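Below is one structure; the comments refer to it alone.
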């Protein structure tokens, strides 16, 4: 009887599960497929719109699954995606998560982000990275940790030591998660977006990239005009059609009008706008555009000082008291008392609040808009925080208008990246999903439809979407693309040859760098060489520090610091002496001085300076001083690291500083610390993990050897050693 009951219960369970999950297969046979993953409630509330969305994708030649369930965990979804991708007859090329789909919160994977390095002792909601790389990069392996008690959609995972330690997504993905605004039905918002999307794909299927605008905010890339102009030159190379009669391309800087907010909100609503690129700092609900206005007369300058005082004094007063705060700032800045007292004037507080609102774009500014840009890129921190009820990317996508997809980061993101890598391929009809797959970090996400693409007006007759899926690993195919008339296609060919394991790649990359007239090809070649073959990158890096494209120079400076080979010292000194006027490059050069021996730097500086003519050599003296100061700081940190009387938190900071600056000088001390059984285990773990950030260093094999000599029975230490060794062996893979 018991057995029969169990059997009956099992059958009932299967029936209920079958009822809950629906797998609606593609209605057309195509070479590749796509999947819409949606929760039951969202499906029931927007069924007709979802069916229309599915049909619109299939009308574009991409068979589409509709996967409906009350999804209980990310594992359930990932397993299904892997299964569909493994279909040789018609492999899955991408997916979109519609509605309330579980959100993987990834831990122990900060090296896969561009900039996120928070101490994981903090609240897990803040110190984890919301990332759909869990779903789209099948080579990553994770251990499940827990489901969040407060937000059930959050599922925490730890990246395993035996996982690959770089990103190379197998499929692309995106989120269509409607905003949750007070007084607004989120399902109506979702339905409205899907209807907008379907209409855009039906009515403008032949729309080409012929109108692009770019806007920059204050503080971006040190506000370097050389970096700004360099990007414009590269866009001319990647999308030449934008610069022909009948097309439109615009470049806005934050200081052309004050405040620039109004100009940007007007521009993003320009009819026929195809792509909007935003470069600025950000928060989940804010695009930071302006600081105080730069002024040249006395009264406005005084007002700026007053605003500064009013912004600082109240916070100081909360801990020290009103009178103490006023007295402190009067003394610190030698200003009148009445200027400081204004910080507590209700009218001034209200006035400042309105002024501050005028400086930046907030989600509340976007909701009533009708953005026309079909695709918007947010090169900023947190603007792609789809897990928030309201967020910048979502605000544009779920507004009226024609914006159907946006790219943004779920956490903070680094400024010094290549945001426009492969942008030219959008003009060749590449799906936005494939674009994100090629350039993603752990935090990069698409909000909206990843299958969206523009019509091909690039001048090349190539089905780029088919090639990216069905020609993957076909070395002969990609070698032919090295002669493509489209520079981004040549750069992509280098990437695909690297991914496919082409055995003559280092030689090809070096040749491509030294023979190509295209900025983007040289940058791709240098990056692939520096990231994957640091021991063979010296010659190219030496030349790249003086490349004609600013971003090549800037990336070369970063790779030179991380490589650390002594033969790079002459090129570093030459770059400073000849290009110290480039503020962003200069910043990178100064911050990377610790990578090299101080005496060798000083000797080379004296040698090269002796052969130059100067009207004013003060900048050489400053550089000499900065070299010495860098050495002094580094020695102080190393001394403190090994001082057993120093508090553990301080020692940890001395260790993890090498994450941002993995200088060669830190290798041996970190190995020594990691080997010391008398030190706190958590600090040893930090030292071992930090050594994994040296994966671009010319001595990375020495680190592997040193780690293998550490003998321990402790499971945590053994796991971290294994993971770090894997990171060093993997390098950075073929991606960022």
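Is one or more of the residues making up region 683-693 over 22 Å from residue 635 (Cβ atoms), under 26 Å from the mean Cα position of the chain (by Cα) and assigned to a loop (DSSP other than H, G, I, E, B)? No: zero hits. Whether any residue in region 152-173 is modelled with pLDDT of 95 or more, assigned to a loop (DSSP other than H, G, I, E, B), in the same structural domain as residue 47 (by TED's automatic domain parsing) and farther than 30 Å from residue 693 by Cβ is what I want to check. Yes: one or more hits.
For region 161-179, how many residues are more than 21 Å from residue 500 (Cα to Cα) and surrounded by fewer than 22 Cβ atoms within 10 Å (Cβ to Cβ)? Spell out the reasoning first.
Filtering region 161-179 for residues more than 21 Å from residue 500 (Cα to Cα) gives 161-162, 173-179.
Checking which are surrounded by fewer than 22 Cβ atoms within 10 Å (Cβ to Cβ) leaves us with 161-162, 179.
Residues flagged as more than 21 Å from residue 500 (Cα to Cα) and surrounded by fewer than 22 Cβ atoms within 10 Å (Cβ to Cβ) within region 161-179 amount to 3.
Each residue in region 640-654 was checked for being more than 20 Å from residue 590 (Cα to Cα), in contact (Cβ under 8 Å) with a residue 12 or more places away in the chain and assigned to a helix (DSSP H, G or I), and 5 pass.
So is residue 182 assigned by TED's automatic domain parsing to the domain that holds residue 427 and surrounded by fewer than 19 Cβ atoms within 10 Å (Cβ to Cβ) or not?
Working: assigned by TED's automatic domain parsing to the domain that holds residue 427: no; surrounded by fewer than 19 Cβ atoms within 10 Å (Cβ to Cβ): yes.
Considered against the rule, which asks whether it is assigned by TED's automatic domain parsing to the domain that holds residue 427 and surrounded by fewer than 19 Cβ atoms within 10 Å (Cβ to Cβ), residue 182 comes out as no.
Screening 406, 380 for residues that are within 28 Å of residue 154 (Cα to Cα) and without any contact (Cβ under 8 Å) to a residue 60 or more places away in the chain leaves exactly one candidate, 406. If you go through region 376-403 and pick out every residue that is surrounded by fewer than 24 Cβ atoms within 10 Å (Cβ to Cβ) and either farther than 16 Å from residue 361 by Cα or assigned by TED's automatic domain parsing to the domain that holds residue 102 (or both), you end up with 6. How many residues are free of Cβ contacts under 8 Å to residues at least 60 places away in the same chain, more than 18 Å from residue 371 (Cα to Cα) and surrounded by fewer than 17 Cβ atoms within 10 Å (Cβ to Cβ) if we restrict to region 185-205? Adding up the residues that qualify gives 2. Scanning region 390-403 for residues that are touching a helix residue (DSSP H, G or I) at 6+ places or on another chain (Cβ under 9 Å) and touching a residue at least 40 places away in the same chain (Cβ under 8 Å) returns 390, 391, 392, 394, 395, 396, 397, 398, 400, 401, 402, 403. Elements of the type helices (runs of 4 or more DSSP H) sitting completely within region 355-442 and holding at least 1 residues that are out of contact with any strand residue (DSSP E or B) (no Cβ under 6 Å at 6 or more places or on another chain) and farther than 28 Å from residue 487 by Cβ: these cover 363-366, 392-397.
So, residue 663, is that one buried (at least 17 other Cβ atoms within 10 Å of the Cβ) and either in the same structural domain as residue 688 (by TED's automatic domain parsing) or within 18 Å of residue 575 (Cα to Cα) (or both) or not?
Values: buried (at least 17 other Cβ atoms within 10 Å of the Cβ): yes; either in the same structural domain as residue 688 (by TED's automatic domain parsing) or within 18 Å of residue 575 (Cα to Cα) (or both): yes.
Spelling it out, residue 663 is indeed buried (at least 17 other Cβ atoms within 10 Å of the Cβ) and either in the same structural domain as residue 688 (by TED's automatic domain parsing) or within 18 Å of residue 575 (Cα to Cα) (or both).
Restricting to region 239-275, count the residues that are in a helix (DSSP H, G or I) and within 28 Å of residue 293 (Cα to Cα).
Going through region 239-275, the residues in a helix (DSSP H, G or I) turn out to be 240-243, 261-267.
Then keep just the ones that are within 28 Å of residue 293 (Cα to Cα); that gives 261-267.
Looking only at that region, the number is 7.
Would you call residue 370 over 27 Å from residue 258 (Cα atoms) and surrounded by fewer than 19 Cβ atoms within 10 Å (Cβ to Cβ)? No; evaluated as a whole, the condition is false for this residue.
Among 336, 245, 284, 259, which is more than 31 Å from the chain's Cα centre (by Cα), in the same structural domain as residue 210 (by TED's automatic domain parsing) and either under 30 Å from residue 407 (Cα atoms) or surrounded by fewer than 13 Cβ atoms within 10 Å (Cβ to Cβ) (or both)?
Numbers: 336 fails: in the same structural domain as residue 210 (by TED's automatic domain parsing); 284 fails: more than 31 Å from the chain's Cα centre (by Cα); 259 fails: more than 31 Å from the chain's Cα centre (by Cα).
Result: 245 is the single residue among 336, 245, 284, 259 that is more than 31 Å from the chain's Cα centre (by Cα), in the same structural domain as residue 210 (by TED's automatic domain parsing) and either under 30 Å from residue 407 (Cα atoms) or surrounded by fewer than 13 Cβ atoms within 10 Å (Cβ to Cβ) (or both).
Residues in region 106-118 that are in contact with a helix residue (DSSP H, G or I) (Cβ under 7 Å, 6 or more places away or on another chain) and either over 21 Å from residue 78 (Cβ atoms) or surrounded by fewer than 23 Cβ atoms within 10 Å (Cβ to Cβ) (or both): 111, 116, 117, 118.
Scanning region 608-639 for residues that are in contact (Cβ under 8 Å) with a residue 24 or more places away in the chain and closer than 17 Å to residue 573 by Cβ returns 608, 609, 612, 619, 620, 623, 626, 627, 628, 630, 631. So, residue 103, is that one touching a helix residue (DSSP H, G or I) at 6+ places or on another chain (Cβ under 9 Å), touching a residue at least 60 places away in the same chain (Cβ under 8 Å), in the same structural domain as residue 160 (by TED's automatic domain parsing) and within 23 Å of residue 179 (Cβ to Cβ) or not? Considered against the rule, which asks whether it is touching a helix residue (DSSP H, G or I) at 6+ places or on another chain (Cβ under 9 Å), touching a residue at least 60 places away in the same chain (Cβ under 8 Å), in the same structural domain as residue 160 (by TED's automatic domain parsing) and within 23 Å of residue 179 (Cβ to Cβ), residue 103 comes out as yes. If you go through region 194-222 and keep only what is in a helix (DSSP H, G or I), at pLDDT 95 or above and in contact with a helix residue (DSSP H, G or I) (Cβ under 7 Å, 6 or more places away or on another chain), you end up with 194, 195, 197, 198, 201, 202. Look at (1) in contact (Cβ under 8 Å) with a residue 12 or more places away in the chain; (2) not in a helix (DSSP H, G or I) and you find that residue 314 fails only one, number (2).
The values are calculated or read from the model by the stated rules, or taken from the named source; none is laboratory data. Just so it is clear, the structure is predicted and the values come from calculations on it, not from any experiment. Neighbour counts are summed over all protein chains in view; Cβ atoms, including those assigned to glycine, are modelled from backbone coordinates with ideal geometry.
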